[in-house]
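Each remark here refers to the structure printed beneath this line.
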Amino acid sequence: QVQLVESGGGLVQPGGSLRLSCAASGNFFSSSLMGWYRQAPGKQRELVATISNGGITVYADSVKDRFTISRDNAKNTVYLQMNSLKPEDTAAYYCTRGYPPPQYWGQGTQVTVSS
């Protein structure tokens with residue numbers, strides 16, 4: 001049984017930073033593509049970043065040079081370091097596993113960027 005549990009969301013001022021974590025259970029984590037998606041109110045869910053089992057990363061244009069996805073296979077955990085946050089980054093952020101469309105989703109963690 002695959003479970004993904006996100007943490008680290010919260011309220012942050014524009015220009016601030018947050019680090020999201022996703023703890024994964026189940027087999028084959030190290031061989032899985034992991035990712036982060038987000039959904040803002042009234043908008044479609046969008047891909048933020050993915051990381052392959054080999055560490056190859058892909059980012060949405062809107063977060064390039066500000067966000068960094070990483071993984072620790074020993075801890076079955078994937079991270080999203082978010083810097084220089086903007087109000088438009090406000091959304092629920094979801095951890096995923098599997099190639100798009102991902103097969104598994106976490107419950108989401110809210111990130112709010114506001115002064």
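The values are calculated or read from the model by the stated rules, or taken from the named source; none is laboratory data. Small disclaimer: the values here were computed from a predicted structure and weren't measured. Backbone-built Cβ (ideal geometry, glycine too); neighbour counts: all protein chains shown. The accessibility values were calculated without ligands, DNA or RNA, using every heavy atom of the protein model including side chains. Shrake-Rupley method; radii C 1.70, N 1.55, O 1.52, S 1.80 Å.
Below are the figures for this structure:
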item: 1.4 Å probe accessible area per residue over the chain, in Å²; result: 53 Å²
item: Two-site label geometry, GLU46 and SER114: point separation in nm, points 7 Å out along Cα→Cβ; result: 2.0 nm
item: Peptide ranges 47-58, 91-102 listed from the most packed, as the mean C-beta count within 10 angstrom indicates; result: 91-102, 47-58
item: Sulfur and carbon atoms: percent of accessible area, the stretch 32-83 [1.4 Å]; result: 46 percent
item: For THR96, net neighbour charge (Lys/Arg +1, Asp/Glu -1) across residues whose Cβ lies under 15 Å away; result: +2
item: Shape call, the chain: gyration tensor on alpha carbons, a/c limit 1.5; result: prolate
